[in-house]
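**Q** Can you keep this structure in mind? I'll have questions shortly.
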Amino acid sequence: MAVTTKWRQHIEAWQRSGLSQAEYCAEQQLNVRTFTARLSDYRKLPQPESTALIPVQIQPAAPEVIVFTHAQGHRLELPATVSARWVAELWRCLA
């Protein structure tokens, strides 16, 4: 049987409650055997991956130089103020 929204809400409320299944069912006037069957169905469903918030600090990116590194180890350092057009032209010349 499919897990309906009603049963999903009951299962999630039970998980948050800290009560045993029998205690939760008595409190909610649910049949324990039915609850256990729906819980079994619920556990067979693909569960979404949990998400977590990770604290980050964002600092403005203001590089003083732009560094291009070739696979053979050659480096080209240019001031951050160099024109993007000039860099594009340079790449065309090197290609």
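The values are calculated or read from the model by the stated rules, or taken from the named source; none is laboratory data. These numbers come from a predicted model, not from an experiment. Every residue, glycine among them, receives a Cβ derived from its backbone with ideal geometry; neighbour counts consider all protein chains shown. Heads up: the accessible areas ignore ligands, DNA and RNA and are worked out on the full protein's heavy atoms, side chains in. Shrake-Rupley method; radii C 1.70, N 1.55, O 1.52, S 1.80 Å.
**Q** Take residue 53 and decide whether it is open to solvent by 60 Å² or more (accessible area, probe 1.4 Å) and in a loop (DSSP other than H, G, I, E, B). Steps first, answer last, please.
**A** On the way: open to solvent by 60 Å² or more (accessible area, probe 1.4 Å): yes; in a loop (DSSP other than H, G, I, E, B): yes.
For residue 53, the condition - open to solvent by 60 Å² or more (accessible area, probe 1.4 Å) and in a loop (DSSP other than H, G, I, E, B) - is met.
**Q** Moving on. Do we find that residue 87 is open to solvent by less than 100 Å² (accessible area, probe 1.4 Å), without any contact (Cβ under 8 Å) to a residue 60 or more places away in the chain and farther than 30 Å from residue 14 by Cα in this structure?
**A** Here the answer is yes, as residue 87 does meet what is asked.
**Q** With respect to residue 65, is the statement that it is modelled with pLDDT under 90 and under 30 Å from residue 81 (Cβ atoms) true?
**A** Details: modelled with pLDDT under 90: yes; under 30 Å from residue 81 (Cβ atoms): yes.
For residue 65, the condition - modelled with pLDDT under 90 and under 30 Å from residue 81 (Cβ atoms) - is met.
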